[in-house]
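K.L.:
Let me begin by handing over the structure; questions about it come next.
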Amino acid sequence: MMRKGKKVCASMLTMSMIAALLGGCGSPEEGGKENGSVPSSAAAEGEQETGGGSEREVFKLTVHSSPAQGDWNDYWLIHTIEEKFNVDIQVEMISTDVWRDKLPLMFATEELPDFFLNSLDNSDIATYGSEGYLIDLNPYISQEATPNIWKAMEETPALRPALTEAGGEIFAVSGADMAEANLAQNRFYVNYQWAEQILGKQPETLDEFYEYLKGVKEQDMNGNGDAADEIPLGGFYKAPDMIHVFPPILNAFGYTRKDIEAIDGKVVYVPAEDNYKLFLDFMKKLYEEQLLDNEFFSQTQDQVNAKETNYRYGAYAFYASWVNQPEETIWRQYDIQEPLTSQYNSEKRTASVDINKCGNFSITKNCSNPEKLMEILDWCFSFDGYLAILGGFEKGTVEGQEEYGYTYEWVDDNTLDLTSDFDESKWDNKNSWSLAEVGPDYGYFPIYRNFNMQGSGDAQSYLEEGLINHYAPYYHIGWPSSVKLTAEEADELALISTDIQSYTDEMVTKMITGEVSTDEFENFRTGLQERKLDRMIEIYQDAYDRWSANQ
């Protein structure tokens, strides 16, 4: 039976959205879907204001941020959180480009904020947690104190192990987005209209992909009269895995990751594998024929974004095809490219995860009231928290913008249709509006989602349908999320992996650009061994074996 429901208590939902961002204080039943049921208005009306008192407690938050984001201190979400929890959130924004340089200094000088949001990677968390800079959140997680987090851990058993360090601590809490589309670990697009003109179909093999790229270069595919301005394959080398062009091409050579991967229980470093030499040969060919953007190794994400906006790429990787492209008729030409096969690998596979951790929330030793932050964090795991973080405000609840905001309905017990209206005379798309005024990108604040999204024709639905149709049937877990390193292992790896990654970056760049011949691949592998590759693999293998023994 189809079930439908809508929130009715606008004022209470607006408050709950606040908390959505940061956490929540309601019970698991309040504002949430229980056993497939639709959230009730009675639950919303039963919510109690938290905080109280006239004096606001100040919490300092430091985040890495992209140029696309507005000022966090002006975001609707931040102000809503502040009102609901009677706090003052002071946000320091640091550009993503310089974040990795500034982070160690923050810890070295102990000039730390009260908490971080999605700004620490797994190595940071293990290292700074073991050194006492991040507090263990285990004592603050219970059915009574954090009912929404507790409920999520019960419904998704892989969540707690994925958050727990090898020593048993939880130094950062991530959400879990278990929607089928969001289990994908890469998003790679091809212009399907161009592919139809060039190949008569979507590329399926590595050879067909090459022919497609050649066609993009040789023809005026964007129809602007300049046959030389198209760039067949775009991207930038320092991109995160999610938006890197290497992994989807590596699929054709038998790998789903571009670094550490477990293959039949054996841990390997992909750049040291035999087929990686074949991959380098292929990428070098693309570079020499100017099928790969020849600024790939030098340009920034901003430069890539500009090229996407100007409709120049035939294939590229990014979070969504519509993020940098205001023209709907153009971004809808790009869809997810199914995994490629080749003579080296006949099986379609693309990287997936056993649990999709969404955002992370860590509290530093400088925080004088962790309980308050945990109250906020718990709200992130509620259904109302999900709505606020991903939807913003409910339609009709914000003065002066009554005609804008989200509405939702349950299509069935496990499928939600969430749509948003925004001022289309001012903004090109919902994402532009949200990033400027409402809240940050998906993935900063933890959320919990154990349901799918209904396609309703909007941009987000278009993305999710593409991921489900072209990626989901071929999901492969190359590295389980809950494999954990001990503090000692993390410390040792920090030294080894930094050296190995730097050397890999240098040599991969040189071999693809032709500065060093790919015939020097064996010398490259020798260089990796000299930098303790065997020890790095041994550490990862030990961690993987510990994980495997508990499955």
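K.L.:
Show me the helices (runs of 4 or more DSSP H) entirely contained within the range 77-163 in which 2 or more residues are closer than 24 Å to Ala436 by Cβ, touching a Pro at 6+ places or on another chain (Cβ under 6 Å) and open to solvent by less than 30 Å² (accessible area, probe 1.4 Å). I'd like the intermediate steps shown before the answer.
P.N.:
On the way: elements: 96-109, 122-130, 147-155, 159-163.
It comes to none.
K.L.:
Can you tell which of Gln303, Gln333 is more than 26 Å from Ser497 (Cα to Cα), among the polar types (S, T, N, Q) and touching a strand residue (DSSP E or B) at 6+ places or on another chain (Cβ under 6 Å)? Write out each step before concluding.
P.N.:
Details: Gln303 fails: touching a strand residue (DSSP E or B) at 6+ places or on another chain (Cβ under 6 Å).
Within the list Gln303, Gln333, the selection yields Gln333.
K.L.:
Here is a follow-up. Taking the range 353-369 as the search range and keeping residues that are at pLDDT 95 or above and in contact with a helix residue (DSSP H, G or I) (Cβ under 6 Å, 6 or more places away or on another chain), which one is nearest to Phe209 (Cα to Cα)? Reasoning before the result, please.
P.N.:
Taking the range 353-369 as the starting set, the residues that turn out to be at pLDDT 95 or above are 361-369.
After this cut, where a residue has to be in contact with a helix residue (DSSP H, G or I) (Cβ under 6 Å, 6 or more places away or on another chain) as well, the list is 361, 363.
Numbers: Phe361: 40, Ile363: 46 Å.
Checking each candidate, the answer is Phe361.
K.L.:
Going residue by residue through the range 169-191, is there one that turns out to be farther than 20 Å from Ile389 by Cβ, without any contact (Cβ under 8 Å) to a residue 60 or more places away in the chain and in a loop (DSSP other than H, G, I, E, B)?
P.N.:
Yes - at least one qualifying residue is present in the range 169-191.
K.L.:
Of the numbered conditions (1) of a type outside the set (S, T, N, Q); (2) under 20 Å from the mean Cα position of the chain (by Cα); (3) buried (at least 18 other Cβ atoms within 10 Å of the Cβ), Glu180 fails exactly one; give the number of that condition.
P.N.:
So Glu180 meets the others, but not (3).
K.L.:
So the check is Cβ under 9 Å with 6+ separation or different chains; which pairs have a first residue in the range 428-442 that's open to solvent by 40 Å² or more (accessible area, probe 1.4 Å) and a second one that's charged (D, E, K, R)?
P.N.:
Close Cβ pairs satisfying both conditions: Asp428/Glu327; Asp428/Glu328; Lys430/Asp421; Lys430/Asp458; Glu437/Asp74; Tyr442/Asp177.
K.L.:
Let me ask something else about it. Count, please, the residues in the range 369-399 that happen to be in a loop (DSSP other than H, G, I, E, B) and either of a type in the set (A, V, I, L, M) or in contact (Cβ under 8 Å) with a residue 24 or more places away in the chain (or both). Break it down into steps so the answer makes sense when it comes.
P.N.:
Pass one, the range 369-399, residues in a loop (DSSP other than H, G, I, E, B): 369, 381-382, 392-393, 395-399.
Now narrow it down to the ones that are either of a type in the set (A, V, I, L, M) or in contact (Cβ under 8 Å) with a residue 24 or more places away in the chain (or both): 369, 381-382, 392-393, 395-398.
Adding up the residues that qualify gives 9.
K.L.:
While we're looking at this one, here's another question. For the range 429-463, enumerate the residues that are part of a loop (DSSP other than H, G, I, E, B), under 17 Å from the mean Cα position of the chain (by Cα) and aromatic (Phe, Trp, Tyr).
P.N.:
Tyr442, Tyr444, Phe445, listed by residue number.
K.L.:
Scan the range 475-485 and give yes if some residue there is part of a helix (DSSP H, G or I) and open to solvent by 10 Å² or more (accessible area, probe 1.4 Å), otherwise no.
P.N.:
So in the range 475-485, the residues part of a helix (DSSP H, G or I) come out as none.
No, the range 475-485 has no match at all.
K.L.:
Could you check the range 295-307 and list, in sequence order, the residues that are in a helix (DSSP H, G or I) and either at positive phi or not aliphatic (A, V, I, L, M) (or both)? Give the derivation first.
P.N.:
We begin by selecting, within the range 295-307, every residue in a helix (DSSP H, G or I); these are 301-307.
Hits for the range 295-307 are Gln301, Asp302, Gln303, Asn305, Lys307.
K.L.:
Regarding the range 327-341, can at least one residue be identified that is closer than 14 Å to Phe253 by Cα and either of a type in the set (S, T, N, Q) or open to solvent by 10 Å² or more (accessible area, probe 1.4 Å) (or both)?
P.N.:
Step one: of the range 327-341, the residues closer than 14 Å to Phe253 by Cα are 339-341.
Subset that is either of a type in the set (S, T, N, Q) or open to solvent by 10 Å² or more (accessible area, probe 1.4 Å) (or both): 341.
Yes, because at least one residue in the range 327-341 is closer than 14 Å to Phe253 by Cα and either of a type in the set (S, T, N, Q) or open to solvent by 10 Å² or more (accessible area, probe 1.4 Å) (or both).
K.L.:
Among the residues in the range 518-531, are any among the charged types (D, E, K, R), open to solvent by less than 40 Å² (accessible area, probe 1.4 Å) and not in a helix (DSSP H, G or I)? If you could, list the steps in order and put the result at the bottom.
P.N.:
Within the range 518-531, the first condition is being among the charged types (D, E, K, R), and the residues that meet it are 519-520, 522, 525, 530-531.
Checking which are open to solvent by less than 40 Å² (accessible area, probe 1.4 Å) leaves us with none.
Within the range 518-531, none of the residues are among the charged types (D, E, K, R), open to solvent by less than 40 Å² (accessible area, probe 1.4 Å) and not in a helix (DSSP H, G or I).
K.L.:
For Glu489, only one of the following conditions fails: (1) open to solvent by 60 Å² or more (accessible area, probe 1.4 Å); (2) under 20 Å from Val267 (Cβ atoms); (3) acidic (Asp, Glu). What is its number?
P.N.:
That leaves (1) as the condition not met.
K.L.:
With the requirement that a residue be part of a loop (DSSP other than H, G, I, E, B), of a type outside the set (Gly, Ala, Ser) and surrounded by 23 or more Cβ atoms within 10 Å (Cβ to Cβ), what does the range 308-323 give you?
P.N.:
Passing the criteria: Phe318, Trp322.
K.L.:
For Leu495, only one of the following conditions fails: (1) in contact (Cβ under 8 Å) with a residue 24 or more places away in the chain; (2) farther than 24 Å from Phe282 by Cα; (3) open to solvent by 50 Å² or more (accessible area, probe 1.4 Å). What is its number?
P.N.:
Tallying (1) in contact (Cβ under 8 Å) with a residue 24 or more places away in the chain; (2) farther than 24 Å from Phe282 by Cα; (3) open to solvent by 50 Å² or more (accessible area, probe 1.4 Å), Leu495 fails exactly one: (1).
The values are calculated or read from the model by the stated rules, or taken from the named source; none is laboratory data. Keep in mind the model is a prediction, meaning the values are calculated, not measured. Positions of Cβ are generated from backbone atoms using ideal geometry, with glycine treated the same way; all protein chains shown enter the neighbour counts. Accessible surface is based on the protein model in full, side chains and every heavy atom, while ligands, DNA and RNA are left aside. Shrake-Rupley method; radii C 1.70, N 1.55, O 1.52, S 1.80 Å.
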